[in-house]
1. Alpha carbon centre of the range B:336-395 versus the range A:122-180: separation in Å?
2. Could you report the accessible area of residue B:117 in Å², rounded to 10, computed with a 1.4 Å probe on the protein chains as they sit in the structure?
3. Run the 1.4 Å probe and let me know the accessible area of residue B:193, rounded to the nearest 10 Å².
4. In whole percent, what relative contact order does the range A:153-258 give with Cα contacts below 8 Å and a gap of six or more residues?
5. Buried accessible area for the B:A pair, summed, 1.4 Å probe, in Å² rounded to 100?
6. What Kirkwood Rh does the range A:78-129 have if only Cα atoms enter the pairwise 1/r average? Answer in Å.
7. Among the lysines, which have Cα under 27 Å from the Cα of residue A:152 when same-chain residues fewer than 8 positions away are ignored?
8. Which residues make up the longest stretch of chain A that has no trypsin sites (Lys or Arg not before Pro) in a DSSP loop with at most 15 other Cβ atoms within 10 Å?
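The values are calculated or read from the model by the stated rules, or taken from the named source; none is laboratory data. Only a predicted model underlies this, so the values are computations on that prediction, with no experimental measurement involved. No Cβ is skipped: glycine too gets one built from the backbone with ideal geometry, and neighbour counts run over all protein chains shown. Heavy atoms of the whole protein, side chains included, go into the accessibility calculation; ligands, DNA and RNA do not. Shrake-Rupley method; radii C 1.70, N 1.55, O 1.52, S 1.80 Å.
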2 protein chains.
Amino acid sequence: MFPGISDAELETRRQVLLDHIRSRNLNGLVLFDSSHIRYATGFTFLSTERPVIFAMGTTGDLALLVPAFERSHASLKSGIERVETYAEYPGEMHPMIFLGEMLADLGIVGRIGADADGYPGILSYRGPALGEVTGAAITLVGDFVEEMMAIKSREEIAAIRESATWCHLGHRLLQRYSLPGITEGQASVRAESEATLAMLDALGAVLESRLGSSDGVKAGYRGQIGRYSAFAHAVTGNHTFRRGDVLVSETGAPVAGYSAELERTMVVGAATDEQKRLFEHMAAAQAVALRAIRPGRTCSDVDRDVLTYFEENHLTQYWGQHTGHAIGLRDHEAPFLDVGDHTEIKPGMVFTVEPGLYVDGVGGFRHSDTVAVTKDGIDVLTYYPRDLESLTIPG
Amino acid sequence: MFPGISDAELETRRQVLLDHIRSRNLNGLVLFDSSHIRYATGFTFLSTERPVIFAMGTTGDLALLVPAFERSHASLKSGIERVETYAEYPGEMHPMIFLGEMLADLGIVGRIGADADGYPGILSYRGPALGEVTGAAITLVGDFVEEMMAIKSREEIAAIRESATWCHLGHRLLQRYSLPGITEGQASVRAESEATLAMLDALGAVLESRLGSSDGVKAGYRGQIGRYSAFAHAVTGNHTFRRGDVLVSETGAPVAGYSAELERTMVVGAATDEQKRLFEHMAAAQAVALRAIRPGRTCSDVDRDVLTYFEENHLTQYWGQHTGHAIGLRDHEAPFLDVGDHTEIKPGMVFTVEPGLYVDGVGGFRHSDTVAVTKDGIDVLTYYPRDLESLTIPG
């Protein structure tokens, strides 16, 4: 079966949510966050200033509130029978007023569980709070939804594993095209185009109903080229590759909404001794992190192990970011592999593992691999070569 | 001079913000929204769960709070001398605690103006409110910032005009490659690749420091093909073009962060009588809207004129969305050309104009043009042909 989220799994998720609101004596659930709604319903939509809102009553009855123009689309794609609409945002009557009426009709009143007390301020949206339009006491249950999302199912992990395949294709092409004299834009556009068309042709019709708005293979550098690679969050500058450059790549390829993350440090031409030294320390730190992740330990334990490696090797001054983060329907999710996050690691969690070294004037050194936590360790979903020889571009 | 935002303009913007907080007897300003920060500083950065926060005291002293790994990047690109850092998110000490300390040191205490009472919940971010970490009374000034952003300067309009040129190139290529038997993905990837590389080559080095993370020319259909074009917010399905399909395109091309919006309805092969009728009504409704926009009228007046046209021509059942929205640093901004938005239209506002007709089973009909309001009317920044003959694809 092609990777994707089955209706049975969606039903299971909603049952867990339903049990939760019942256990807290709430009279229903309201979700405003687009990832939460996608998680609960499978419905993929454009998240804009026009709210799309999910509601579930204590008998498990479901409803969506969408702008009128989304009615047919939402009915077709969500499988939810009750799709109610408001005219427009802002409209003559605010969407939140319609929501209040819909919730009253569903019996979702008095005590409501919600992922936020209103719709977030996306694209200049403004509006009243949920408590205000319903007069209800709002119990925030967003953290519960995030905790559910943190434990991936077999279907979710299969989707991320499939994504990794296409990240690999994008990365292989990116590496092949990143030659001295070529620009960042040329290498990226060519790799993304070829990998995206191959992915669409290979996965074909089964992918159609699962695509997001701008899905495909992403493969590029986001400006992390030469000395700019020392900026972990550089932005694209369309630099030209030159002999001696350190490159830090990034790739992604959503499958049914889930993406792996695959990043590699590469060098154009033979690495200098300093580049080699930093590269090997980065690779060793990543190995430390990969060994550190297993059920029963905490996220902070893993980051602490990496920091200890950096301290012992006098590299702390080059530290830049925590070890990694969860990944799934969002590119970054909680929990974080961070000394401040004491969440216990559990089977089914999926993390990026990407400790890096950042040296102003020299460059950045970071691989990112995506791993799924198993009952006694990890399954590394991304398998692109990690060694310097494989990652040296002829210069 | 190449389109972009000058330091002088950034200073003017900050002076207006400063005057505003002084006039409201506030002891300083805090901005959390990434578009607001870019507007006030010119700094382009990845907006993630790691807060980037801008502060300004009543003497005009400026500061940025960024994660430690962004220090060099922020200093280089923002031109702000005081760049303070927190270790990481979540970190052993929450970024908001660092913010509280920084604000106290800047004398931004007691009464603070802010665009929100805390950092938004981007990518699973969680944290305390601004009022909580400062003990200050928070006055929300986000609407004031949005109102400033709604009136575009000459520099901003020049950037959007430049963007329109590259939207046109993307659209021309998209139309050329959208032939029967070709897939949505093939046409879009080819048009975007060629247009993006041309844009990067043409604008060259001047663009480098102004690029966002994934900038380039976007040109595609987002699934709005054949009967799916009736879904105004369809998502990509990688459909194959067939004779008789109605297509609704969308293009964009950020220049210094500002993008025009250019969309066209096209037909593959000779249009049927019904397609012609709907196309011509859509084009007529757009002409009504273009004539309706001028200073002194309200946004709702414009939408009302379009609705009147639909009513008089018995088309109300095919109405789907309001007439348009402001556009600038964000793809959608307030105010909205909507019957519920009574904002007065003023010179310098930039709107999309895109009344549409959506017929289940037949398709969607919508052109979108981007216009700047002048002192007595509009300047239409997108000039791609609007007539059916020009928009008929050989089939």
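1. 32 Å
2. Roll a 1.4 Å probe over it and residue B:117 shows about 80 Å².
3. 20 Å²
4. Numbers: 174 pairs, mean separation 38.8, N = 106.
Here the relative contact order equals 37 percent.
5. Values: alone 16730 and 16740 Å², together 28050 Å².
Summing both chains' loss of accessible area gives about 5400 Å².
6. Working: mean 1/r = 0.0798 Å⁻¹.
In the range A:78-129 this quantity evaluates to 12.5 Å.
7. Leaving aside lysines fewer than 8 places away in the same chain, those within reach of residue A:152 are A:77, A:218, A:346, A:375.
8. Values: sites that count: A:24, A:82, A:126, A:242, A:243, A:297, A:375.
Result, exposed sites excluded: A:127-241.
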